[in-house]
Each structure stands twice: as structure tokens, then as C-alpha cells.
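The values are calculated or read from the model by the stated rules, or taken from the named source; none is laboratory data. Since this is a predicted model, take the numbers as computed values, not measurements. Quick reminder, even Gly has a Cβ in these numbers, built from the backbone with ideal geometry, and neighbours come from all protein chains shown. Heads up: the accessible areas ignore ligands, DNA and RNA and are worked out on the full protein's heavy atoms, side chains in. Shrake-Rupley method; radii C 1.70, N 1.55, O 1.52, S 1.80 Å.
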Amino acid sequence: DANEVLRTNDYLCGEVFTEADLRLLPTILRFDGAYAPLFRAGGAHLRIRDYPYLLAWLQRCWDIEGVQESIDLQDASTSYYKQLFPLNPGGLIPTPLTAADIGLQ
């Protein structure tokens, strides 16, 4: 699993940021706000901060120049609640998570 890989590596494929990291980044940023509540990903109560190496990786990625400015965290999560009617028939959209809510500084 990614958390175990990141226990010994700064990035998924070693010590440099690669396309693998780029592709995982949006998924991990959506985890707490969309995947965990809608799909019960990781179990009912697990969050990114429960995966210490994955959270450290996410912080390293978040600190790369230009990353924070290129990602709309609010839209990344709320779009799932708007688009997946069968999973959210009431159309309720929770308060979007912030970087601090995920555990980022």
C-alpha cells in the first residue's frame, strides 16, 4: 500500500516527484472530503491523517511550488456531491474541507 511505500521513500517511486505522484495527488486530496464519506473508503472513520507517511508525502507535494495555487480543494470535493446523484439524492453538500482540515500546513 502507498503508506508503506512512503515509509521508506519521499515519493512513490523513490526520492523524486514523478508522474505516479502527480496522478495520486488529486485522489488523496479528495479522500477526506469525498471518498471517505461517500464510498466509505478506508473504513468509516479513517482520514488521511491516520496514514502518517501518506500525510507526510502529501505535505511534501503540497509544498512544491505551484501546487497549492493549481488545485481548488473546495471544488475537488464538492463536485462529487453534485455529480453523483445516486449517492447523494438529497443534494446536500457539506462544508468543504480546507488544507488545514486535511492536516496540511
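Structural remarks
- At a probe radius of 1.4 angstrom, the accessible area of the chain per residue rounds to 60 square angstrom.
- Report note on the peptides 85-94, 64-73: ranked by the mean count of other C-beta atoms within 10 Å, highest first, their order is 64-73, 85-94.
- Per residue, the convex hull spanned by the Cα atoms of the chain measures out at 103 cubic angstrom.
- Relative contact order for the chain: 27 percent, from Cα pairs under 8 Å spaced at least 6 residues apart, divided by residue count.
- Charge context of residue 96, other residues only, Cβ under 13 angstrom, K/R +1, D/E -1: -2
- The chain, accessible surface, carbon-and-sulfur percent (1.4 angstrom probe): 55 percent
- Spin-label pair residue 87-residue 38: with each label point 7 Å from Cα along the Cα-Cβ axis, the two points sit 0.4 nm from one another.
- Other-chain or far-sequence residues with amide H under 5 Å of residue 11's (modelled H): 16
- With N as its number of residues, region 16-62 has a Cα radius of gyration that, divided by 2.2 N^0.38 Å, comes to 1.15.
- Taking a sphere under 11 Å around the Cβ of residue 46 and counting the other residues whose Cβ falls inside, with K and R at +1 and D and E at -1, yields a net charge of +1.
- Environment charge at residue 34 (Cβ cut-off 14 Å; Lys +1, Arg +1, Asp -1, Glu -1): 0
- Rh by Kirkwood over Cα pairs, then Stokes-Einstein D for region 39-88 at 1.567 mPa s and 4 °C, µm²/s: 100 µm²/s
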